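For reference, the structure is listed below as structure tokens.
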């Protein structure tokens, strides 16, 4: 029997247990450049053990809905931010920890102008664009060691098209 | 007399004296996620004095070419990366230092899939999208103090439409 997940819209409130939504939302913290630019300041909780922040570029193969989720991963030593370099929807899957494995996953559809930052150690699906290009800037930990735990589900979850 | 600057395409080689181009260029450093994602690893020289990296979102008013440049700025205490959250062209203006003020500026047109990281202390123009939305993720220094020097030109420079 396939277990299904219905995707939700991505909101800061719903996503708060898992990480930060990176978006120009709410009031700007500062107006700069002679009034021509709004700065939404320091919106991610960056958190690295024995390492530092770095910027990498990910180019991922687009998927489509329904999407079968057979694996989730987490990074015990650092937060990880995904910033879309495009305006397309993309899929964010997260789960609370349940005794060292992911609990029931939740799926969010991020839309134009929304990135996310997974807090350190948060179970999440791999980067899942829903349209080309699958280009993202990733701000995560640069440091020694593997910093990766994977959990493979015996029965995959299916994220529905809604 | 207006001084003019002809914009150049943004390439890593031409931009190297000023910073890093953030793009999925060249061979991937690592293939991850069961072959479905290419990682172009740690492409920015992040460099902060008395501070740490943070992620902010900028929402800037789009400009158009020709563009008049009356001011450049630099951040003595930190690098600053601009990552477009869209696929539109945008304008990057930089200058070498000439005795504490900007030398002759150079203008680059960044296109789809290109972000930049200005090295610490590099003279640059403010964030200049050329189409809506003017949304960018900015990875720069979070820390005490002003971290800003501005230079206003007596005679503005004009970046031509080419």
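All of the numbers you see were taken from the coordinates with simple rules; none came from a lab. Because the structure is predicted, anything quoted here is derived from the model rather than measured. Note that each Cβ is placed from the backbone with ideal geometry, even for glycine, and that neighbours are counted across all protein chains shown.
Residue A:66 label points, 7 Å along Cα→Cβ, one per copy: pairwise distances from this copy to the rest in nm, shortest first?
6.0
Which of these, B:117, B:33, B:147, has the largest mean-square fluctuation under a Gaussian network model of chain B (Cα springs below 10 Å)?
Of B:117, B:33, B:147, the Gaussian network model singles out B:33 as fluctuating most.
Reported to two decimal places, what Rg/Rh ratio describes chain B when computed on Cα atoms with Rh from the Kirkwood expression? Please list the in-between numbers first.
Working: Rg = 16.0 Å, Rh = 16.5 Å.
Using Cα coordinates only, the ratio equals 0.97.
Considering all alpha-carbon pairs of the protein assembly as shown, what whole percent are spaced by more than 35 angstrom? Mind dumping the intermediate values first?
Details: 11298 of 52326 pairs.
Here the tail beyond 35 Å accounts for 22 percent of pairs.
What are the label-to-label distances in nm, one decimal and shortest first, from residue B:51 to the same spot in the other copies, with labels 7 Å along Cα to Cβ?
2.4
Taking the axis about which chain B rotates onto chain A, which residue of B lies nearest it as judged by Cβ position, and how many whole Å separate them?
B:53, 2
So if we plug the beta-carbon distance of residue B:28 and residue B:71 into 1/(1 + (r/R0)^6) with R0 = 45 Å, what FRET efficiency do we get, rounded to 0.05? Could the numbers behind the result be given before it?
Working: r = 38 Å, r/R0 = 0.85.
The computed FRET efficiency comes out at 0.70.
Most mobile of B:69, B:36, B:91 per a Gaussian network model of chain B (Cα springs, under 10 Å)?
Checking each option, the largest mean-square fluctuation is seen for B:36.
Can you compute the helix-only [θ] at 222 nm over chain B? Use -39500 (n - 2.57) per DSSP H run of at least 4 residues, normalise by all residues, nearest 500 deg cm²/dmol. Working shown, then result.
Details: 1 runs with 4 residues, N = 162.
Estimated from H runs of four or more residues: -500 deg cm²/dmol.
For segment B:112-162, how big is the tail of P(r) above 15 Å, as a whole percent of Cα pairs? Mind dumping the intermediate values first?
On the way: 832 of 1275 pairs.
More than 15 Å apart: 65 percent of the Cα pairs in segment B:112-162.
Using a label point 7 Å beyond Cα on the Cα-Cβ vector, give me the inter-copy distances for residue B:149 in nanometres, one decimal, shortest first.
When each copy's label point is compared with this one, the spacings are 4.8 nm.
Between residue A:61 and residue B:154, how high is the FRET efficiency from 1/(1 + (r/R0)^6) when r is the Cβ-Cβ distance and R₀ = 41 Å? Nearest 0.05. Walk me through the numbers on the way to the answer.
Working: r = 52 Å, r/R0 = 1.27.
With R0 = 41 Å, the Cβ-Cβ based efficiency is 0.20.
Cα gyration tensor of segment B:52-111, axes a ≥ b ≥ c as square roots of the eigenvalues: rounded (a/c below 1.5), prolate (a/b > b/c) or oblate?
On the way: a/c = 2.13, a/b = 1.12, b/c = 1.90.
Note, shape of segment B:52-111 comes out oblate.
Distance from the Cα centre of segment B:99-162 to that of segment A:1-77, in angstrom?
25 Å
Across peptide A:123-133, how many C-beta atoms of other chains are within 10 Å of each residue C-beta, on average?
Values: counts 0, 0, 1, 5, 5, 3, 1, 0, 0, 0, 4.
Other-chain Cβ atoms within 10 Å of each residue's Cβ, averaged: 2.
In vacuum, with every alpha carbon of segment A:22-88 counted as one equal point scatterer, what does the Debye formula give for log10 I(q)/I(0) at q = 0.13, 0.17, 0.21 Å⁻¹? Two decimals, please.
Here the Debye-derived log intensity ratios amount to -0.64, -0.96, -1.15.
When only C-alpha pairs under 8 Å and at least 6 residues apart count, what is the relative contact order of segment A:3-162, in percent? Working shown, then result.
Numbers: 388 pairs, mean separation 60.8, N = 160.
It comes to 38 percent, rounded to a whole number.
Average partner chain C-beta neighbours within 10 Å, per residue of A:38-50? Could the numbers behind the result be given before it?
Numbers: counts 7, 8, 8, 7, 8, 5, 7, 2, 6, 0, 2, 0, 0.
Mean partner shielding for this stretch: 5.
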